[in-house]
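The values are calculated or read from the model by the stated rules, or taken from the named source; none is laboratory data. Every value quoted in this text rests on a predicted model; they were computed, and no experiment measured them. Because the Cβ atoms are built from the backbone with ideal geometry, glycine has one as well, and the counts that use them run over all protein chains shown.
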Ligand SMILES: Cc1ncc(COP(=O)(O)O)c(C=O)c1O
């Protein structure tokens, strides 16, 4: 039975509006940063970093992206069910008992352990064609992956003489966005050495990939013939501003990325409070003067962090106003005493642009001592995503 209430979701005062034209622009920046022959695998895990994996992937597919990266089998199945047809790489943890579902959905696994290859090979043995996999080498991330000296023997094992074929070798860089390029260069050299061993052994592996957004922008030697942009597609670079200024990387180019998400809500009430009154839980804020306080229908259950209490800012009428008191589960209060025309129904931008003013996810991240990735991923399922 159709859900007769579903169309009401866009009446939500709180929205995440995603600008698909800005997504296209950021993809162009990514393409301009790599050689024309280099493939893009768009990282759309974690619901495309909170932007909505289905809508983002469909738009990217229209723009010519044919490969997608997710973290879990379920994320891959969601994309398959939405009609995404190209290779979908499952880059996160895989357990042997999950692999039948992965094969059934035609997803591409990242083999991080010989045991995964063994199980995949036994499941794929009856197939007419070898099943494509990517093999992950840990060159210094200290996370999932084979040690560099395990790769050749895996590729020469019986699993890769029939049931499986290595479509790619990959590695992940630990510090591509850090101020010092040395460790990234060491990781790239280790990966190059594994690539060299594979080629010297005459094994045919079509793709090699290592670069996330930061490495796409700063480390051309990490491009190989495929790159894995995530954050930059959503309009941010993970390089901190002060690092960009002081970077000693000869190859660093500032990128003109456009954040694609706006998080907004509307003022639901304005309260006039006298001097010395307290606001929100635990009374952490007291008015120092008669104050106009705007109540916003968004809180930490929407992914708007409680760490923003008494610290964050939002935009109303193109001006910044400060959060007062604790951010609650469903509400946040801001002081609009300096905005006498602020009224119920006014648009409030928590992340994004309003008039000339802008608050980026990176700024919100700085207020909460985290990174823009976490701010974007945290925006919860209660917030409708709207695309334009
Ligand atoms: C294996 C892998 N590749 C690529 C990316 C994309 O990284 P970024 O969003 O920094 O471009 C990620 C994200 O964490 C990842 O885990």
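Would you mind finding the one in 209, 252 that is modelled with pLDDT under 95 and either within 15 Å of the ligand (Cβ to nearest atom) or not assigned by TED's automatic domain parsing to the domain that holds residue 136 (or both)? Before you say what the answer is, go through the steps one by one.
Numbers: 209 fails: modelled with pLDDT under 95.
After applying the criteria, what remains is 252.
Please specify each residue of the stretch 126-152 satisfying the condition of being more than 16 Å from the ligand (Cβ to nearest atom) and either over 14 Å from residue 194 (Cα atoms) or without any contact (Cβ under 8 Å) to a residue 40 or more places away in the chain (or both).
Let us first name the residues in the stretch 126-152 that are more than 16 Å from the ligand (Cβ to nearest atom), namely 126-132, 147-152.
Passing the criteria: 126, 127, 128, 129, 130, 131, 132, 147, 149, 150.
Which one is nearest to the chain's Cα centre (by Cα), of the residues in the stretch 47-75 that are surrounded by fewer than 19 Cβ atoms within 10 Å (Cβ to Cβ) and either outside the structural domain of residue 110 (by TED's automatic domain parsing) or under 21 Å from residue 103 (Cα atoms) (or both)?
Per the stated criteria, the residue is 71.
Among (1) touching a strand residue (DSSP E or B) at 6+ places or on another chain (Cβ under 6 Å); (2) within 20 Å of residue 47 (Cβ to Cβ), there is one condition residue 346 misses while meeting the rest; what is its number?
Result: residue 346 passes all but (2).
Applying the selection to the stretch 34-59, what residues are more than 20 Å from residue 386 (Cβ to Cβ), within 12 Å of the ligand (Cβ to nearest atom) and not in a helix (DSSP H, G or I)?
Here is the first cut: in the stretch 34-59, the ones more than 20 Å from residue 386 (Cβ to Cβ) are 34-43, 45.
Pick out the ones that are also within 12 Å of the ligand (Cβ to nearest atom) and you get 40-43, 45.
Across the stretch 34-59, the qualifying residues are 40, 41, 42, 43.
Out of the stretch 76-85, which residues are surrounded by fewer than 18 Cβ atoms within 10 Å (Cβ to Cβ) and in contact with a helix residue (DSSP H, G or I) (Cβ under 7 Å, 6 or more places away or on another chain)? Show your work before the answer.
In the first step, residues of the stretch 76-85 are kept if they are surrounded by fewer than 18 Cβ atoms within 10 Å (Cβ to Cβ); the result is 80-83, 85.
Passing the criteria: only 82.
Regarding residue 242, is this residue in a helix (DSSP H, G or I), more than 16 Å from the ligand (Cβ to nearest atom) and modelled with pLDDT under 95?
Values: in a helix (DSSP H, G or I): yes; more than 16 Å from the ligand (Cβ to nearest atom): yes; modelled with pLDDT under 95: yes.
So residue 242 fits the description; yes.
In the stretch 113-129, how many residues are in a helix (DSSP H, G or I) and under 15 Å from residue 166 (Cβ atoms)? Talk me through it step by step, then tell me what you get.
The initial filter retains those residues of the stretch 113-129 that are in a helix (DSSP H, G or I), namely 114-124.
The next check asks that each one be under 15 Å from residue 166 (Cβ atoms); those that pass are 114, 116-118, 120-121, 124.
Counting residues in the stretch 113-129 that are in a helix (DSSP H, G or I) and under 15 Å from residue 166 (Cβ atoms) gives 7.
Being part of a loop (DSSP other than H, G, I, E, B) and under 30 Å from residue 47 (Cβ atoms), is that true of even one residue in the stretch 181-192? I'd like the intermediate steps shown before the answer.
From the stretch 181-192, those part of a loop (DSSP other than H, G, I, E, B) are 181; that's our starting set.
After this cut, where a residue has to be under 30 Å from residue 47 (Cβ atoms) as well, the list is none.
No, the stretch 181-192 contains no residue that is part of a loop (DSSP other than H, G, I, E, B) and under 30 Å from residue 47 (Cβ atoms).
Looking at the stretch 153-170, can you tell me whether even one residue there is outside the structural domain of residue 365 (by TED's automatic domain parsing), near the ligand (Cβ under 9 Å from one of its atoms), surrounded by 22 or more Cβ atoms within 10 Å (Cβ to Cβ) and within 22 Å of the chain's Cα centre (by Cα)? Steps first, answer last, please.
Looking only at the stretch 153-170, we keep the residues that are outside the structural domain of residue 365 (by TED's automatic domain parsing), and these are 153-170.
Checking which are near the ligand (Cβ under 9 Å from one of its atoms) leaves us with 170.
Narrowing further to those that are surrounded by 22 or more Cβ atoms within 10 Å (Cβ to Cβ): 170.
With within 22 Å of the chain's Cα centre (by Cα) added as a condition, the list becomes 170.
Checking the stretch 153-170: at least one residue is outside the structural domain of residue 365 (by TED's automatic domain parsing), near the ligand (Cβ under 9 Å from one of its atoms), surrounded by 22 or more Cβ atoms within 10 Å (Cβ to Cβ) and within 22 Å of the chain's Cα centre (by Cα).
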